[in-house]
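Here's the structure we're looking at; comments come further down.
Nothing in this text is a laboratory measurement; each read-out follows from the coordinates by a stated rule. Remember, predicted model here, so these are calculated numbers, not experimental data. Note that we place each Cβ from the backbone using ideal geometry, even for glycine, and neighbour counts take in every protein chain shown.
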Amino acid sequence: MGAKAIVLVGAGLAVLASGCTSNHAALNPAGPRARHIADLMLLFVGVSTIVYLVVIAFLIWAMWRRRARAHLQGAQATRAAENKARRVIGAALALTVVVLITLALADFFVQRFLAAHPADALRVLVTGHQYWWEVEYDDPDPSQRLHTANEFHIPVGRPVELVLTSQDVIHSMWLPNLTGKKDLIPGHTNTEVLLADKPGEYSGQCAEFCGLQHAQMRLIVRAEPAAQFETWRQQQLAPARAPQSDAERRGQEVFVRSTCILCHTIQGTDASATVAPDLTHLASRGMLAAGTLPNTQGNLSSWILAPHRFKPGVQMPATALPPDELAALAAYLASLR
Ligand SMILES: [Cu+2]
C-alpha cells in the first residue's frame with residue numbers, strides 16, 4: 001500500500017514536471033496567448049481547490065460540533081442556532097456570488113485578449129486534410145507564396161495570423177504551448193494568432209476526431225529569430241534542388257512517370273498537383289506523413305511501398321516498384337532539401 005502510494009505520487013509529480021518542460025503542454029507556455037490561458041486555468045484550479053478545502057473543513061467541524069452539543073436542548077437554543085445558521089448561509093451565498101463573478105470576469109478579459117488580432121501579422125493559410133496539414137504563406141506577390149506541409153516556421157516575437165479551413169471534414173488545430181484550440185471547418189474560415197516569445201520547436205495535434213488516422217495528424221511549428229526565419233523562407237521559395245547523382249536523376253524520372261504526380265507537387269518538375277503534401281523541400285522536414293515516421297531514406301521507401309502499413313486509412317495508394325527504382329526514388333526524395 002505504502003509503495004503503491006509512493007509510485008502514484010511519483011508518477012503524478014513526473015507528469016506535472018514534464019508538463020512544465022514539454023513542447024506539447026499547455027502548462028509550458030511559450031507566448032502571451034498560451035500564458036494567459038495557463039494563468040486562467042491555474043486561477044480556476046486554485047480557487048476551486050481552496051473552496052473545496054474550506055467546504056470539507058466546515059463539514060468536519062459541523063459534524064464534530066453537533067456531537068459535542070448533542071446534550072443542549074430547548075426551544076430558545078434551537079431558535080438562536082437557526083438564526084446563526086441563516087447568517088452563515090447568507091454570508092456563504094454572498095461569497096459564492098463574489099467568487100463566481102470574479103472567475104467570470106477573469107474569463108471575459110482573457111477571451112477579450114485572445115480575440116484581439118494584431119494588424120501587422122504574417123498571414124499563413126492552413127488547410128486540414130485527412131490526415132495532414134497544408135500550409136501556404138500568404139503574399140500579394142504569387143512568387144512569394146510558399147507552400148509546405150505538416151511543419152512550418154515562424155519568426156519569434158512577430159504575430160502570425162493563421163487562416164484555418166478544411167478540405168474534407170472538421171479538424172481542430174491545437175498547439176498547446178502557443179495558443180488554444182481552433183476548428184478547421186470545410187467552407188468556412190477561422191482565424192487564430194500565434195505569437196512565440198521563445199525560440200523552439202512546438203508540437204501540435206489535430207484535436208477533433210476526423211477519421212481513422214486522426215491521432216497521427218501532428219504538426220510542428222518552429223519559432224526562430226527573424227534572420228533565421230528569412231533564410232528558411234528563401235530556401236523554401238526556391239525550386240527543388242536538381243538531381244546530382246545518377247540515382248537521383250533516375251529517381252526523378254521514376255517520380256514524374258509514376259502516379260505520384262497525380263497528387264504531389266515538386267516545384268521545377270512537371271509534378272504540380274495539390275491534393276497531397278508539397279514535396280519540393282521534403283527533406284527539410286523532420287518527420288514524414290504528419291509526424292508518423294522519422295524522415296529517413298529507408299522510411300521513404302517503406303512509406304511509398306505501403307503507406308497504409310503506417311497509417312491505415314491513409315489517402316495515398318501503395319505503389320509497387322522494382323527495388324532499384326524504389327531505391328532511386330527514395331534517394332531523389334531524400335535529396336530535396
Ligand atoms: Cu484531423
Next item on the list: Among the residues of region 205-246, write down those that are within 16 Å of the ligand (Cβ to nearest atom) and without any contact (Cβ under 8 Å) to a residue 40 or more places away in the chain.
Entry: 207, 208, 209, 215
Check: Can you tell me which residues in region 130-150 are in contact with a Leu (Cβ under 9 Å, 6 or more places away or on another chain), away from the ligand (no atom under 16 Å from the Cβ) and in a strand (DSSP E or B)?
Finding: 136, 137
Item checked: Residues of region 159-179 classified as within 14 Å of the ligand (Cβ to nearest atom), among the aliphatic types (A, V, I, L, M) and assigned to a strand (DSSP E or B), total -> 2
Next item on the list: Return the total of residues in region 276-304 being touching a residue at least 40 places away in the same chain (Cβ under 8 Å) and over 24 Å from residue 229 (Cβ atoms).
Entry: 3
Next item on the list: Within region 187-204, track down each residue that is in a strand (DSSP E or B), farther than 21 Å from residue 27 by Cβ and away from the ligand (no atom under 15 Å from the Cβ).
Entry: 191
